[in-house]
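One structure below.
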Amino acid sequence: MSSVVSNPSPTVLYLGSRGISAAGNLAAVAIFTRIAGTAEYGHYVLIFTWAMLVYGFSTQWTRFAYFGTYRTEADVYVASLIRILAGLLIALAAGFTVAALVGPFESRNDPQQRRLA
């Protein structure tokens, strides 16, 4: 007795895996909103979204712009990506250091500020 579906096509495998992944993500959202509550889950999603936006604009575009065009060996690829990420991390740390030294942020709990207002 032969099997009718012995080797499914790549399209069926792809769509099936994407469908299962989507159903799992939908179930995870329903479960996590029940566990954490809507306010906490909303806060988590907001932070996660900003993290993905920062990642997309800071590192992902450089990865696909540079490495999508030039074919290199894996070790050169990894070394270049590490250098790019290290440079961006150093620039980000320098920006935060300058912001902390200059002090563009107000303290809401400063008693002297409350007396002046």
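The values are calculated or read from the model by the stated rules, or taken from the named source; none is laboratory data. Quick caveat, the model's predicted, so the values are computed rather than measured. Neighbour counts are summed over all protein chains in view; Cβ atoms, including those assigned to glycine, are modelled from backbone coordinates with ideal geometry.
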| task | Would you confirm whether any residue within the stretch 47-68 is within 21 Å of the chain's Cα centre (by Cα), farther than 30 Å from S80 by Cα and either loosely packed, with under 10 Cβ neighbours inside 10 Å or hydroxyl-bearing (S, T, Y) (or both)? | result | no
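Select from the stretch 86-117 the residues that are at pLDDT below 85, hydrophobic (A, V, I, L, M, F, W, C) and either assigned to a loop (DSSP other than H, G, I, E, B) or surrounded by 10 or more Cβ atoms within 10 Å (Cβ to Cβ) (or both) and list them in ascending order.
So in the stretch 86-117, the residues at pLDDT below 85 come out as 99-117.
Going one step further and asking which of them are hydrophobic (A, V, I, L, M, F, W, C), we end up with 99-102, 105, 116-117.
Matches in the stretch 86-117: A99, A100, F105, A117.
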